[in-house]
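Engineer: Can you keep this structure in mind? I'll have questions shortly.
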Amino acid sequence: MDDKLTTRCTFCQKRAPDVSKLIAGPGIYICDQCVQACVEILEQTAPSPEEGAAQLPSWHSMADAELLSRLPRIAAVGTQVEGSLQRWVGEARRRGSSWASIGESLGMSRQSAWERFAGNEEAA
Ligand SMILES: [Zn+2]
């Protein structure tokens with residue numbers, strides 16, 4: 001299998017065979033070790049309701065090199081999600097879904113859905 005398509009934890013990038021469990025989300029995955037790290041973070045801190053909101057990375061305190069070093073990981077997540085979307089659309093097509101219904105589901109035209117996902121599939 002193409003390494004880009006190997007199922008891996010979206011958070012730490014470990015491959016499925018290298019972790020005990022991998023839990024699927026919408027196009028992403030999290031491994032048992034990352035879940036455990038999340039549990040530990042949640043146990044350490046008891047945020048107020050305002051602090052409980054999602055915290056964005058602090059770009060202000062981040063050196064340029066660190067910011068640049070994170071870009072490939074974010075791009076890899078994009079590639080992973082796109083691969084998942086391709087496989088889900090492929091399954092929808094295998095089940096007989098039309099390009100119009102796939103496009104409607106994704107908020108795009110039939111033509112846009114076909115152009116983005118048809119790949120080697122014959123025009124239908
Ligand atoms: Zn992980």
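The values are calculated or read from the model by the stated rules, or taken from the named source; none is laboratory data. Please read these numbers as outputs of a predicted model, since none were measured by experiment. Here the Cβ is made from the backbone with ideal geometry for all residues, glycine too, and neighbour counts use every protein chain on show. The accessibility values were calculated without ligands, DNA or RNA, using every heavy atom of the protein model including side chains. Shrake-Rupley method; radii C 1.70, N 1.55, O 1.52, S 1.80 Å.
Engineer: Of the residues Glu40, Glu50, which is within 16 Å of the ligand (Cβ to nearest atom), over 22 Å from the mean Cα position of the chain (by Cα), open to solvent by 60 Å² or more (accessible area, probe 1.4 Å) and modelled with pLDDT under 95?
Structural biologist: On the way: Glu50 fails: within 16 Å of the ligand (Cβ to nearest atom).
Residue meeting the stated conditions: Glu40.
Engineer: Going by the conditions given, is Ser84 part of a loop (DSSP other than H, G, I, E, B) and either surrounded by 13 or more Cβ atoms within 10 Å (Cβ to Cβ) or at pLDDT 95 or above (or both)? First the steps, then the outcome.
Structural biologist: Working: part of a loop (DSSP other than H, G, I, E, B): no; either surrounded by 13 or more Cβ atoms within 10 Å (Cβ to Cβ) or at pLDDT 95 or above (or both): yes.
Answer is no for this residue.
Engineer: Examine the stretch 10-19 for a residue that is among the small types (Gly, Ala, Ser), surrounded by 12 or more Cβ atoms within 10 Å (Cβ to Cβ) and either more than 13 Å from the ligand (Cβ to nearest atom) or at pLDDT 70 or above (or both), and state whether such a residue exists. Can you show your working first?
Structural biologist: Of all residues in the stretch 10-19, those among the small types (Gly, Ala, Ser) come to 16.
Add one more test, that the residue is surrounded by 12 or more Cβ atoms within 10 Å (Cβ to Cβ), and what stays is 16.
Still in the list and also either more than 13 Å from the ligand (Cβ to nearest atom) or at pLDDT 70 or above (or both): 16.
Yes, that holds for at least one residue.
Engineer: Any residue in the stretch 94-122 that is surrounded by 11 or more Cβ atoms within 10 Å (Cβ to Cβ) sitting within a Cβ distance under 8 Å of a residue that is of a type in the set (Ser, Thr, Tyr)? List the pairs, counting only those 6 or more apart or interchain.
Structural biologist: Gly103/Ser109; Gly103/Ser112; Arg110/Ser98
Engineer: Moving on to the next point. Every residue in the stretch 25-37 that is open to solvent by 70 Å² or more (accessible area, probe 1.4 Å) and under 10 Å from the mean Cα position of the chain (by Cα), please. Full working, then the answer.
Structural biologist: Of the stretch 25-37, the ones open to solvent by 70 Å² or more (accessible area, probe 1.4 Å) are 26, 33, 36.
Scanning the stretch 25-37 gives a single hit, Pro26.
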